[in-house]
1. Restricting the search to region 1-31, which residues are within 26 Å of residue 113 (Cβ to Cβ), hydrophobic (A, V, I, L, M, F, W, C) and part of a strand (DSSP E or B)?
2. Residues to consider are 8, 23, 78; find the one that is of a type in the set (D, E, K, R), closer than 24 Å to residue 102 by Cβ and either in contact with an Asp or Glu (Cβ under 7 Å, 6 or more places away or on another chain) or open to solvent by less than 50 Å² (accessible area, probe 1.4 Å) (or both).
3. Tally up the residues in region 178-209 that are within 20 Å of residue 54 (Cβ to Cβ), open to solvent by 50 Å² or more (accessible area, probe 1.4 Å) and either of a type in the set (Gly, Ala, Ser) or free of Cβ contacts under 8 Å to residues at least 40 places away in the same chain (or both), please.
4. Here is a check on your reading of the model: is residue 94 under 19 Å from residue 46 (Cα atoms) and among the hydroxyl-bearing types (Ser, Thr, Tyr)?
5. For region 32-57, which positions are surrounded by fewer than 16 Cβ atoms within 10 Å (Cβ to Cβ) and either assigned to a helix (DSSP H, G or I) or among the charged types (D, E, K, R) (or both)?
6. For residues that are in contact (Cβ under 8 Å) with a residue 12 or more places away in the chain, assigned to a loop (DSSP other than H, G, I, E, B) and closer than 27 Å to residue 44 by Cβ, tally how many sit in region 141-172.
7. Among the candidates 116, 128, 108, which residue alone is closer than 23 Å to residue 162 by Cβ and either among the acidic types (Asp, Glu) or surrounded by 18 or more Cβ atoms within 10 Å (Cβ to Cβ) (or both)?
8. Can you pull out every residue in region 124-140 that is closer than 20 Å to residue 28 by Cβ and either among the hydrophobic types (A, V, I, L, M, F, W, C) or outside any loop (DSSP other than H, G, I, E, B) (or both)?
Amino acid sequence: MLQEVKREIITTADGSTTIHLPELNEQYHSKHGAINEAKHVFIESGFRHVLNKEKFDALHILEIGFGTGLNAFITFLEAEKNDQSIDYVAVEAYPVAFEEAKLMNYAEELGVSSSEKGFDNIHLSLWETPVTISSHFLLTKRKQFFKDIEDKNCYHLIYFDAFGARVQPELWTEEIFKKMYNALKQNGVLVTYAAKGSVRRAMQEVGFQVERLPGPPGKREMLRATKM
């Protein structure tokens, strides 16, 4: 079980922190910069890409791998800044304890210390029920294995932020990406930091149109998949 593996807090290259699992040689975010990775992969290549194509009364987002809450927090900040309503669903099989999440320095590194209460509320919100974090951000956290997701035609955007295929190959299969495809609305988009050929082929096999994009610091490429 992942929650039983030894855990360390490390500082990544951009000054932001993440959780490192030394036994697996894996971390929750890129060691080349946790915040930089989140902004590049999920905000620039996902959130802003989708909003540039279409306007939404409410943008429905599914996050695969809630982890430390970094992606949710940055999206919350973007919702406030852009006056955009977000209905955000985050799936996580092994939730990070609030005490551990509080060791992350995201609000400080993002220069939004006044919004730290928002980060706290994201973690303190109840699981399995919609919680209003702000007038623009509705959050539902689900403690669930990815293989058990059965959502259909629900989301405009998926942040696919599971642990890498080297550590959990079962999360990067045609079976999982078929679930992601089914969960998206038509023209919905999935973004991930991953760029392996096997991942791209699995996405294409279930019907996605897949683009290779420049990756975040430390990675040459990433993938963006669209349900056509």
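The values are calculated or read from the model by the stated rules, or taken from the named source; none is laboratory data. As the structure is a prediction and not an experimental result, all values here were calculated from the model. Cβ coordinates were reconstructed from backbone atoms using ideal geometry, including for glycine residues, and neighbour counts include every protein chain displayed. Surface areas here come from the heavy atoms of the whole protein model, side chains and all, with no ligands, DNA or RNA. Shrake-Rupley method; radii C 1.70, N 1.55, O 1.52, S 1.80 Å.
1. The initial filter retains those residues of region 1-31 that are within 26 Å of residue 113 (Cβ to Cβ), namely 7-20, 27-31.
Cutting the leftovers down to hydrophobic (A, V, I, L, M, F, W, C) gives us 9-10, 13, 19.
9, 10, 19 - these are the residues of region 1-31 that are within 26 Å of residue 113 (Cβ to Cβ), hydrophobic (A, V, I, L, M, F, W, C) and part of a strand (DSSP E or B).
2. Details: 8 fails: either in contact with an Asp or Glu (Cβ under 7 Å, 6 or more places away or on another chain) or open to solvent by less than 50 Å² (accessible area, probe 1.4 Å) (or both); 23 fails: either in contact with an Asp or Glu (Cβ under 7 Å, 6 or more places away or on another chain) or open to solvent by less than 50 Å² (accessible area, probe 1.4 Å) (or both).
Every option except 78 fails the conditions.
3. 1
4. Values: under 19 Å from residue 46 (Cα atoms): no; among the hydroxyl-bearing types (Ser, Thr, Tyr): yes.
Judged against the criteria, residue 94 is not a match.
5. Taking region 32-57 first, the residues surrounded by fewer than 16 Cβ atoms within 10 Å (Cβ to Cβ) are 32, 44, 48, 52-57.
Within region 32-57, 44, 48, 52, 53, 54, 55, 57 meet the criteria.
6. Looking only at that region, the number is 12.
7. Working: 116 fails: closer than 23 Å to residue 162 by Cβ; 108 fails: closer than 23 Å to residue 162 by Cβ.
Exactly one residue qualifies, and that residue is 128.
8. The first filter runs over region 124-140 and keeps only residues closer than 20 Å to residue 28 by Cβ, leaving 124-125, 127, 139.
Residues satisfying the conditions are 124, 127, 139.
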